[in-house]
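Visitor: One structure is given below, represented as structure tokens, and several questions about it will come after.
Each reported figure results from applying straightforward, stated rules to the coordinates on display, with no laboratory input. Note that this is a predicted model, so its numbers are computed, not measured. Cβ sites come from the backbone with ideal geometry, for glycine too, and all protein chains shown count toward neighbours.
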Amino acid sequence: MRAVPGAGVTQQQEVEVDALTGLITGTCLDSFTQAAWESATAAADALSLVLVELDDFERYCDNYGPEAGEVLLRRVSAVIRGSGLSASDRAGRLTGPEFLLVLPGATLDAAHVPAERILRAVRDLEMPNRGSTVANYVTVSIGAASCRPQPGDSMDTLIDAGGSALWSAKRRGHDRIAAYDLSPNFVAEPAKNAFRQLG
């Protein structure tokens, strides 16, 4: 793990980078997400999160070994870094096969762009995964959530929405994107509980 200079939402801050993936660490990502939330609240601006999880990663490691698992994490991390993130965005590894993108100023439609690129680019790696219950190659499931936080809102609401969207993508068959829009002007169809299927 090493520290490199990186720009935060409101000020310069040190960014800890995970040695395996080249993405920022979960601890640093927490701080950045909090700063992004505070900035979005003050500016009445949009904020989106994108959660990415490798499907059947444990089975992959069981079948191909832990070293192959590390290679897979590095390759998927490279996909995430190459997904067209802006200078104000951050991407980090949470735990194991889980990643998080924090996109200040991005609406749900804007968040769909890197999410779709990641989904398709991981498929295009065509890395075999013979133990997968999803496909015979490596895939990811993605959950996206967006809001325009208001004073008094809780950041946990956005985080929970991202987690719920990811769970929905996995429940619907994996290898897809599901999304949850919490923006005040978003009117959802009640039967869909504010979920949009994006991919």
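Visitor: Which ³J(HN,Hα) values, rounded to whole Hz and listed in residue order, are derived for the stretch 53-65 from phi using the Karplus coefficients 6.51, -1.76 and 1.60 in 6.51 cos²θ - 1.76 cosθ + 1.60 with θ = phi - 60°, glycine and proline given as x?
Guide: Here the 3J(HN,Hα) series is 9, 5, 6, 6, 5, 4, 5, 4, 5, 4, 7, 10, x Hz.
Visitor: Further, regarding this structure: Could you give the length gained by full extension between ALA19 and ALA68, i.e. 0.36 nm per residue of separation minus their alpha carbon distance, to one decimal place?
Guide: Details: separation 49, 0.36 × 49 = 17.64 nm, distance 1.62 nm.
Using 0.36 nm per residue and subtracting the Cα-Cα distance, I get 16.0 nm.
Visitor: Dipole size in debye (nearest 20) for the stretch 2-197 around its Cα centre, Lys and Arg Cβ +1, Asp and Glu Cβ -1?
Guide: Magnitude of the dipole: close to 500 debye.
Visitor: With viscosity set to 1.306 mPa s at 10 °C, what whole-number translational diffusion coefficient in µm²/s follows for the stretch 2-197 from Stokes-Einstein and a Kirkwood radius over Cα pairs?
Guide: Numbers: Rh = 17.0 Å.
Result for D is 94 µm²/s.
Visitor: Still on this model: For an R0 of 25 angstrom, estimate the FRET efficiency from the Cβ-Cβ distance between ASP45 and ARG172 and round to the nearest 0.05.
Guide: With a Förster radius of 25 Å, E is 0.25.
Visitor: Another one. Over what distance in Å are the Cα centres of the stretch 123-162 and the stretch 55-77 separated?
Guide: First find each Cα centre; the distance between them is then 17 Å.
Visitor: Could you work out the relative contact order of the stretch 2-197, using alpha carbon pairs under 8 angstrom and six or more residues apart, expressed as a whole percent?
Guide: Worked out over the stretch 2-197, it gives 23 percent.
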